[in-house]
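Heads up: the structure comes next, in structure tokens.
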Amino acid sequence: MVWPVIDNTRQALRVAVIGAGPSGAYAVQALCNATNRAGPVEVDVFDRLPTPYGLVRYGVAPDHVKMKSVIGSLRQMYRHAQVRFLGNVQVGQDLSIDDLRHYYDAVLLAVGAAVDRRLGIPGEDLPGSHSATDFVSWYSGHPDVAPERFTLDATSVVVIGVGNVALDVARVLAKSAGELESTDIPPRVLDALADSRITDIHILGRRGPAQAKFTSKELAELGVLANADVTVRPEDLVLNDADAAAVEDSPVLRRNLATLRSWAGRPLQGRPRRIHLRFFARPVELTGTDHVTGIRVERTAVDQAGNAVGTGQRDEIEAQLVLRSIGYRGRPIAGVPFDEESGVVPNDGGRVVDGRTPVPGLYVAGWIKRGPTGIIGTNKRDAAETVAAVLEDAPHLRRAAKRHRDAVLAALHRRGVHVVPWEGWEAIDAAELALGAQFGRGRVKIHDRVELLSAARG
Ligand code: NAP
């Protein structure tokens with residue numbers, strides 16, 4: 001393809017970044033840092049929520065205060081003079097990708113991976129079976145998941161999956177409300193956690209400890225909970241030769257195995273809750289007629305290729321609540337190629353491709369680009385790669401027709417969209433801090449979308 005070469009030396013490059021989470025923020029930072037090299041750049045950051053920070057606000061567990069403190073750096077990126085935050089705008093609904101191309105020379109999608117993977121087993125949709133994403137959104141006060149969605153009247157819970165999200169969910173369920181009341185959890189969620197009747201939390205890995213996805217620090221946190229004992233079956237820690245070699249080679253796995261071995265067979269200390277960490281247990285069916293009553297699992301072995309192979313040995317774990325924490329996938333966006341199998345937008349180093357052909361002016365960063373992996377900092381490198389592609393292409397990009405900064409705002413206004421600017425977010429921020437002061441806490445999240453929008457108006 002031959003792209004028109006346009007003299008862009010006098011005009012600022014206009015970029016729309018879609019998604020104000022960490023990958024959006026790192027893309028913004030890389031674009032601003034490049035300004036001196038690449039000429040002026042103007043960036044508008046859209047988010048469907050009236051609030052910035054994406055999964056740092058609505059995914060990082062409320063008790064992981066240190067991890068949340070990255071917000072301090074992300075804030076600086078969004079406050080840059082060349083950058084505008086346009087919250088409460090849903091791309092795909094309020095503005096299409098085609099619309100955006102009228103206003104921006106480049107569109108960079110950093111929309112994350114918002115959809116849960118499916119187990120594909122009978123009973124998956126029974127009442128009482130939820131995605132961990134919904135549960136995380138609930139305790140994080142996400143406006144899409146109402147406070148009444150979860151009542152914790154179950155006594156036994158199963159969390160499926162052995163990644164860091166599963167550990168977050170299990171830890172929040174295991175802690176007492178007293179341990180969580182210094183966090184930003186919304187009051188009605190905290191009340192539900194305080195009323196929890198949960199005594200047993202089962203975390204299930206379909207493969208062995210050598211294949212578990214969680215990281216060592218997150219695993220070790222389970223062992224120091226004041227309100228819960230943690231148990232592991234010694235037989236789950238017996239490794240085949242291939243796994244023993246993998247553990248030997250990996251510092252993370254070595255630490256994980258040492259932690260798990262220190263828990264195996266350890267007598268219960270009589271704490272109010274128990275976390276049962278179980279491996280080689282593949283979910284086969286969720287049981288129950290009008291509500292989950294349990295989960296049937298099959299014992300597995302891991303073959304030479306690292307796959308779980310059923311042994312035919314089955315048993316059932318009683319549970320009134322099942323949380324499926326088996327990873328995420330991206331959601332297709334109208335007008336953007338999508339790979340259904342991997343759940344990401346096909347791309348070459350951040351340039352969106354249709355088949356093998358790059359789609360001029362369209363880019364991706366973060367989980368929608370590489371899938372749901374890595375830690376927050378991983379997005380920095382990832383966004384830098386994408387922005388390098390944007391800047392390399394910049395001289396050749398077709399220039400947007402409607403270049404005035406306010407043109408997009410006027411269009412949104414005509415469509416009745418209530419755009420929340422950065423000042424609107426600052427008003428929400430102040431309202432949450434004031435609410436926190438009222439409860440004797442640092443911050444208390446506003447859960448309801450209407451209340452968020454009303455706080456944004458100041
Ligand atoms: P993940 O790390 O990919 O873990 C998903 C888990 O689900 C794996 O144990 C996987 O097992 C299991 N699974 C997948 N399909 C399954 C099935 N059909 N049946 C049973 N189990 C199944 O995903 P995640 O926990 O959602 O985390 C996403 C990303 O966010 C990760 O990079 C994670 O580290 C990051 N994160 C980090 C933190 C933190 O740093 N504290 C907190 C939260 C999230 P297999 O391996 O066998 O497929």
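What list of ³J(HN,Hα) couplings, whole Hz, do you get for the range 286-301 from phi and the Karplus terms 6.51, -1.76, 1.60, once you set θ to phi - 60° and write x for glycine and proline?
In residue order, the calculated couplings are 9, 9, x, 9, 9, 7, 4, 10, x, 9, 8, 10, 10, 5, 10, 10 Hz.
Could you derive backbone 3J(HN,Hα) for the range 247-255 from the dihedral phi with the Karplus parameters 6.51, -1.76 and 1.60 (θ = phi - 60°), listing whole Hz in sequence and x where the residue is Gly or Pro?
Calculated HN-Hα couplings, in order: 5, 4, 7, 10, x, 5, 5, 4, 5 Hz.
Report Rg (one decimal) and Dmax (nearest whole number) for the range 182-330, counting Cα atoms only, units Å.
When restricted to Cα atoms, the range 182-330 yields Rg and Dmax of 16.8, 50 Å.
What are the extents of the Cα atoms of the range 230-281 along their three principal axes, in Å, largest first?
So the extents along the principal axes, rounded to whole Å, are 37, 21, 15.
Which of the trypsin sites (Lys or Arg not before Pro) found in the range 298-373 are in a DSSP loop and have at most 13 neighbouring Cβ atoms, other than their own, within 10 Å?
Passing sites in the range 298-373 are ARG356.
Can you give the Rg to Rh ratio of the range 77-129, both from alpha-carbon atoms, with Rh computed by the Kirkwood formula?
1.19
Using only Cα positions of the range 64-174, each an equal point scatterer, no hydration layer, compute I(q)/I(0) via Debye at q = 0.11, 0.18, 0.20 Å⁻¹ and quote the log10 values to two decimals.
Debye output, listed in q order: -0.58, -1.15, -1.26.
In terms of modelled amide H atoms, which long-range or inter-chain residues lie less than 5 Å from the amide H of ILE203?
Under 5 Å from the amide H of ILE203 lie the amide H atoms of VAL159, HIS276, LEU277, ARG278, each far enough along the sequence or on another chain.
Over 20 Å, how big is the tail of the calculated P(r) for the range 186-273, in percent of all Cα pairs?
Here the long-distance tail beyond 20 Å is 43 percent of all Cα pairs in the range 186-273.
I want to verify the translational diffusion coefficient of the range 268-424 in µm²/s; compute it with Stokes-Einstein, Rh as the Kirkwood radius over Cα pairs, at 20 °C and 1.002 mPa s.
102 µm²/s
Toward the positive end of the charge dipole of the chain, about the Cα centre and with charges on Cβ (Lys, Arg +1; Asp, Glu -1), which of VAL390, LEU167, PRO127 goes farthest?
Projecting each Cα onto the dipole axis, the largest value belongs to VAL390.
Take each of the peptides 158-169, 133-144, average the number of other beta-carbon atoms within 10 Å over its residues, and list them starting from the highest.
By packing density, highest mean first, the sequence is 158-169, 133-144.
Over the Cα atoms of the chain, what is the Rg over Rh ratio if Rh follows Kirkwood?
1.00
Output the relative contact order of the chain, whole-number percent, from Cα pairs under 8 angstrom with separation of 6+ residues.
For the chain, the relative contact order is 23 percent.
Placing unit charges on C-beta atoms (Lys and Arg positive, Asp and Glu negative, everything else neutral), compute the dipole magnitude of the chain about its Cα centre in debye, rounded to 20.
Result for the chain is approximately 960 debye, rounded to the nearest 20.
How far is helix 164-174 tilted, in degrees, relative to the longest principal axis of the Cα atoms in the chain, given as a value from 0 to 90 rounded to the nearest 10?
Here the helix axis deviates by roughly 60 degrees.
Towards the positive end of the charge dipole of the chain, with charges on Cβ (+1 Lys, Arg; -1 Asp, Glu), say which of PRO267, ALA220, CYS32 has the farthest Cα.
With unit charges placed on the Cβ atoms, the residue in question is CYS32.
Looking at the range 31-81 from every direction and averaging, what is the projected area of its Cα convex hull in nm²?
Dividing the Cα hull surface by four gives the mean projection, 4.3 nm².
Using the Karplus equation 6.51 cos²θ - 1.76 cosθ + 1.60 (θ = phi - 60°), what ³J(HN,Hα) coupling, rounded to whole Hz, does each residue of the range 381-386 give in order, writing x for Gly and Pro?
4, 4, 5, 4, 4, 5
Within the range 365-458, report the chymotrypsin sites (Phe, Trp or Tyr not before Pro) that DSSP leaves as loop and that have at most 16 other Cβ atoms within 10 Å.
Passing sites in the range 365-458 are PHE439.
How big is the charge dipole of the range 101-166 about its Cα centre, in debye rounded to the nearest 20, if each Lys and Arg gets +1 on its Cβ and each Asp and Glu gets -1 on its Cβ?
200 debye
Considering only C-alpha atoms, what is the centroid distance from the range 100-141 to the range 367-420, in Å?
The two parts, judged by their Cα centres, are 20 Å apart.
So in the chain, what percent of DSSP beta bridges are antiparallel if you round to the nearest 5?
35 percent
Just to compare against my own numbers: the Cα pair-distance distribution for the range 304-364, 5 Å bins, whole % per bin, please.
Once binned at 5 Å, the Cα pair distances of the range 304-364 give 4, 13, 16, 13, 11, 9, 11, 9, 7, 6, 2.
Fewest Cβ neighbours within 10 Å first, please rank VAL387, VAL247 accordingly.
Arranged by neighbour count, lowest to highest, VAL387, VAL247 become VAL247, VAL387.
Would you mind checking which residues have amide H under 5 Å from VAL45's amide H? H placed 1.01 Å from N; only 5 or more apart, or other chain.
Residues meeting the criterion, in which the H sits 1.01 Å from N, are VAL17, ARG84, PHE85, LEU86.
Kindly identify the range 342-441 as rounded, prolate or oblate by the Cα gyration tensor criterion: order the square roots of the eigenvalues as a ≥ b ≥ c, call it rounded if a/c is under 1.5, otherwise compare a/b with b/c, prolate if a/b is larger, else oblate.
Cα axes put the range 342-441 in the oblate bin.
Readers should treat all values here as calculations from the given coordinates under stated rules, not as data from a laboratory. As the structure is a computational prediction, the values presented were derived from the model and not from experiment. Cβ: placed from backbone, ideal geometry, glycine included. Neighbour counts: every protein chain shown.
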